[in-house]
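The values are calculated or read from the model by the stated rules, or taken from the named source; none is laboratory data. All figures in this text were calculated on a predicted structure; none of them were measured in a lab. Because the Cβ atoms are built from the backbone with ideal geometry, glycine has one as well, and the counts that use them run over all protein chains shown. In case anyone asks, the SASA skips ligands and DNA or RNA and just uses the protein heavy atoms, side chains included. Shrake-Rupley method; radii C 1.70, N 1.55, O 1.52, S 1.80 Å.
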Amino acid sequence: MGEASVAAVTAIAGKLEQRVAAFVREHRLPGASAGIVVGDELAWSFGYGFADVDARRPHDEHTIFRIASITKTFTATAIMQLRDEGRVHLDDPAVAYLPELRAAASPFGAIETVTIRRMLSHESGLMGDPPGARWFHDEYEFRPEVNLGKVPELGTRIPPNVQQKYSNMAYQLLGEIVARIDGGPYTESIRERILAPLEMTSSAFHPLPEDIAARRAVGYRPRWMTDEFTPATGLEEFAAAEGGMQSSVRDVARWLSAQFPVEGAPEGHRTVLADRTLREMQRPRYLEGDAWEEAWCIGWYAVRKGDTVWTQHSGGLPGFITNACFRAKERVGAIAFLNGDGKAGTLAMELGGLALEAVRTAVEPLEVPKVMPEAYRDLLGLYAEPREGLMARLEWRDGDLRLHDPDDPEGDLFFVATEVPDRFTIDWYRRESGEPVDFHRDGAGRVTGVTIGPYTLRRFDPLA
């Protein structure tokens, strides 16, 4: 994404602003702050209405919101960092790190069925909220050490993997796992692992630094019976892994940019995970519901809006509804933060759809292709299995060595190099993923074929 794409979004600023204003009025909100991310840029932002009605303080990209459950994407990222460091395995049981859980109720099998992977994707079957939680009575225990102290009240409510069962409790425990492995407070882990490297200087947990607290929006209850704006009270600010972060549109724009891979990004692109791990987190693990319009990933979920699928997360606490969504393929994201009650996800996807349409019409400068390793040159060519009538081309295209079957253009096999010459493996998300790839040569060193897992293809040279 370059200047042309950013300019294309800037050109529709009026249309984006009109949509935000109409949404605020339709939902009788005090206001909203929104933004569009293109690549590494906050290409557009807009504040409408009031962050503080009494003070008539307006919204802007620096207004601080309680982003609530969007915090879970940070917790999940910290877990994935630990996994990549070799300090946890996603299929480890949570009890291996939280031995107190040994006494938790587990009527559907051993407590070891509550694994880190299942917790990350809300399929562990764990109870939704801490013991004694009463959302409408402002009762919620956000301290994991307290909840682990009454572990007989913790447990699973349904078997694992039968449905999506959203669990704040699971993410609170995941945050505690991060804290115990890192040997310090959860909030410090998030600051050191994510916020500081991405320079998200307007993101923090309670208690907020004075300069951030001064920019915080007031959250308001829905206006059902009157035009009056009533501040939302209750559920005190908390520093918890399931929903305690506070941030701004400007900072969350950096967070969305960090979900875009390094491959294909401009120099200076910042992220805190390897490209493969980003792809792993964003890939849907299972569909939710009969409409097949929502899927759950690792730390994120995906929603189909028309023909477009948006990876995203929403958040909700009294007085605040938030959403951040993105398309990693096009490097476009949208943010909608409300200090009132409304469907922030709907607004974010509508804004994102307008931006995506604009970006797709932008004409970017032609880029010089990535240089192919010289060792690959004599591997390229036509490969076939004559008896089955199979034929494919081994190509260097868009920076990848890939086997392309013209009859299955969406099924390209991407070859990943190993330390052994002429040996590769197949990249993820194909039937052949992880299978060995070995090229064969004759006595003169000419490539004669390739074996991919259980089958072999012959290489054919062009006729002189």
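Quick notes
- Rg/Rh, computed from the Cα trace of segment 176-290 with Rh as the Kirkwood radius, has the value 1.05.
- Charge context of Arg276, other residues only, Cβ under 11 angstrom, K/R +1, D/E -1: -3
- Counted charge near Arg180, where neighbours are those whose Cβ lies closer than 12 Å (Asp, Glu -1; Lys, Arg +1): -3
- About the centre of its Cα atoms, segment 137-176 shows a dipole size close to 240 debye [charges on the beta carbon of Lys, Arg (+1) and Asp, Glu (-1) only; nearest 20 debye].
- Semi-axes of the equivalent ellipsoid for segment 304-426, Cα gyration tensor, largest first, Å: 43, 16, 16
- Angle between the chain longest axis and helix 13-26 axis [Cα atoms, degrees, rounded to 10]: 40
- Cα-centred dipole magnitude for the chain, charges only on beta-carbon of K, R (+1) and D, E (-1), debye, nearest 20: 540
- Cα gyration tensor category, rounded, prolate or oblate, for segment 69-184 with a/c compared to 1.5: rounded
- Summing charges over all other residues whose Cβ lies under 11 Å from the Cβ of Gly411, with Lys and Arg as +1 and Asp and Glu as -1, gives -3.
- Per DSSP, loop GluC sites (Glu not before Pro) in segment 323-388 with at most 15 further Cβ within 10 Å: Glu367
- Charge dipole of segment 214-291 (Cα centre as origin; +1 on each Lys and Arg Cβ, -1 on each Asp and Glu Cβ, all else neutral): 220 debye, rounded to the nearest 20.
- On full extension, the segment bounded by Ala105 and Tyr376 gains 91.9 nm, given 0.36 nm per residue less the C-alpha separation.
- Histogrammed with a bin width of 10 Å, the alpha carbon distances of segment 120-214 distribute as 14, 35, 35, 14, 1 percent, first bin at zero.
- Normalised alpha carbon radius of gyration of the chain [divisor 2.2 N^0.38 Å]: 1.10
- Against the empirical curve 2.2 N^0.38 Å, the C-alpha radius of gyration of segment 417-464 lands at a ratio of 1.28.
- Overall, the accessible surface of the chain at a probe of 1.4 angstrom is composed of carbon and sulfur to the extent of 52 percent.
- With the convex hull constructed from alpha-carbon coordinates only, segment 296-350 shows a mean projected area of 3.9 nm² over all directions.
- Under 18 Å from the Cα of Lys165 - lysines, other chains or at least 8 residues apart: Lys72
- For the pair Ala7 and Ala55, the difference between a 0.36 nm per residue extended length and the Cα-Cα distance amounts to 13.8 nm.
- Cross-link reach list, lysines versus Lys15, counting only Cα pairs under 22 Å and skipping chain neighbours closer than eight places: Lys305, Lys343
- The chain: angle of helix 71-84 to the longest principal axis, Cα-based, in degrees nearest 10: 40
- Virtual spin-label span in nm between Ala22 and Thr418, 7 Å along Cα→Cβ: 5.7
- Cα gyration tensor category, rounded, prolate or oblate, for segment 41-116 with a/c compared to 1.5: prolate
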